[in-house]
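Working notes for the structure below.
The values are calculated or read from the model by the stated rules, or taken from the named source; none is laboratory data. Computed from a predicted structure; not experimentally measured. Counting neighbours? That spans all protein chains shown, and the Cβs are built from the backbone with ideal geometry, glycine included. Note: accessible area is taken over every heavy atom of the protein model, side chains too, but ligands, DNA and RNA are not part of it. Shrake-Rupley method; radii C 1.70, N 1.55, O 1.52, S 1.80 Å.
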Amino acid sequence: MLKTNADLLLAAQQGGYAVGAFNTNNLEITHAIMGAAQDRRAPVIVATSAGALKYAGIGFLSQIVLTYAHQAAVPVALHLDHGPNFASCMDCIRHGYSSVMIDASKLPFDENVAATRQVVEAAHAVGVSVEAELGRLVGIEDHVVVSEREVAMTNPDEAAEFVRQTGIDALAVAIGNAHGFYKGDPQLDFDRLRAIRERVDIPLVLHGASGIPDHDIRTAISLGICKINIDTEVRDAFARAVRQFLAKHPDEIDPRPILKPTIQAMQTVVARKIELFGSAGRG
Ligand code: 13P
């Protein structure tokens, strides 16, 4: 059944677990995400970025996910990941999305508030929930000095003000997390997360979770993270499965046998994350 992120995340907040948000851009990835969610009886967020929508077409991709959502026994949210502007959020809402993220985090605080509030007003009027980000997720590299890292991280006092002024349903935090695989071990600032949690009572979101060790994920959940975004590890499983299959069957030209093992490989990754996040059996 189709649900909003707010429905899923408030239940997660009460239950002390996190809901996985997995990125898709095609049929096979969606099969893998939904296969794992249904198998583990877990609520799930299926996320599409603006890039995914450009690649697949919003009409096609939204219908693939909505077809699953309407027939699945588990709660499913269809979510726009990192919506770049008001128009992209509205386009998704018109296509049946139950949740959107407006990412104006590159803008100064007041402009981020204004852009986010505009989306919240329109989305809430039609029952769609909204996520926004404060602080910036950069590809944190070894050579970035600490002060630059600090600037990019979410300020706890600003976070409280941001949530109050925007009325968002979930807040994505920057606590040293980054998209893509990490170079070395990620250094998450849990004191900062704790300080944000003390000031903000809505569900918190951790982006860039691929490659974060399990014990850090558990700590993050214990400190109020209710939604965890995974993309890179699923892509990695896809690419490995294709390479492995074609190495063994170099003459195969039918996409179906080539792609079938990718679904199983990606589903295994998603299922493992669902278990780690504690959302198995909550659907
Ligand atoms: P990863 O690609 O690091 O898993 O991050 C996914 C994400 O945060 C999507 O918004």
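Please compute the modelled spin-label separation between F181 and L27, points set 7 Å along Cα→Cβ, answer in nm with one decimal.
Result: 3.0 nm between the two label points.
Please name which of Q267, S62, C89 has its Cα lying farthest along the dipole of the chain towards the positive end, using unit charges on Cβ (Lys, Arg +1; Asp, Glu -1) and the Cα centre as origin.
Most positive-ward Cα: Q267.
Taking just the alpha carbons, could you work out the radius of gyration and Dmax for the chain, both in angstroms?
Values for the chain (Cα only, Rg and Dmax): 18.2, 59 Å.
Can you give the accessible area per residue of the chain, in Å², using a 1.4 Å probe?
Heavy-atom accessible area per residue stands at 44 Å².
Report relative contact order for the chain in percent, whole number only (criteria: Cα-Cα under 8 Å, sequence separation at least 6).
24
Hey, what number do you get for the chain at 222 nm if only DSSP H runs of n ≥ 4 count, each worth -39500 (n - 2.57), divided across all residues, to the nearest 500?
Helix contribution divided over all residues of the chain: -16500 deg cm²/dmol.
Between 0 and 90 degrees, rounded to the nearest ten: what's the tilt of helix 5-15 against the longest Cα principal axis of the chain?
The angle comes out at about 80 degrees.
Carbon-plus-sulfur fraction of the accessible area of region 151-283, 1.4 Å probe, in percent?
50
At 1.4 Å probe size, put K3, K54, K273 in order of accessible surface, largest to smallest.
So, going from the largest accessible area down, we get K54, K3, K273.
Let me see the pair-distance distribution of region 162-234: every alpha carbon pair, 10 Å bin width, integer percents in order.
All Cα pairs, binned at 10 Å, distribute as 20, 54, 22, 4 percent.
What number, in percent, do you get for the relative contact order of region 1-124 if the mean sequence gap of Cα pairs under 8 Å and at least 6 apart is divided by its residue count?
Worked out over region 1-124, it gives 26 percent.
Please give the contour-minus-distance gain from D191 to H249: 0.36 nm per residue of separation, less the Cα-Cα distance, rounded to one decimal in nm.
15.8 nm
Output the pairs from K183/K260; K3/K273; K183/K273 with a Cα-Cα distance over 24 Å in this structure; if there are none, say none.
Going by Cα-Cα distance, K183/K260 fall outside the 24 Å limit.
Counting Lys and Arg as +1 and Asp and Glu as -1, each charge on the Cβ, what is the dipole of the chain about the Cα centre in debye, to the nearest 20?
It works out to roughly 820 debye.
Per-residue accessible area for H249 at 1.4 Å probe radius, Å² rounded to 10?
80
Could you give the angle, 0 to 90 degrees to the nearest 10, between helix 58-71's Cα long axis and the longest principal axis of the Cα atoms of the chain?
On a 0 to 90 degree scale, this one is about 80.
Among 114-125, 178-189, 24-35, how do they line up from the highest to the lowest mean number of other beta-carbon atoms within 10 Å?
In descending order of packing, they fall as 24-35, 114-125, 178-189.
On a 1.4 Å probe surface of the protein chains, which of R197, R282, R243 comes out largest in accessible area, and what is the full order?
R243, R282, R197
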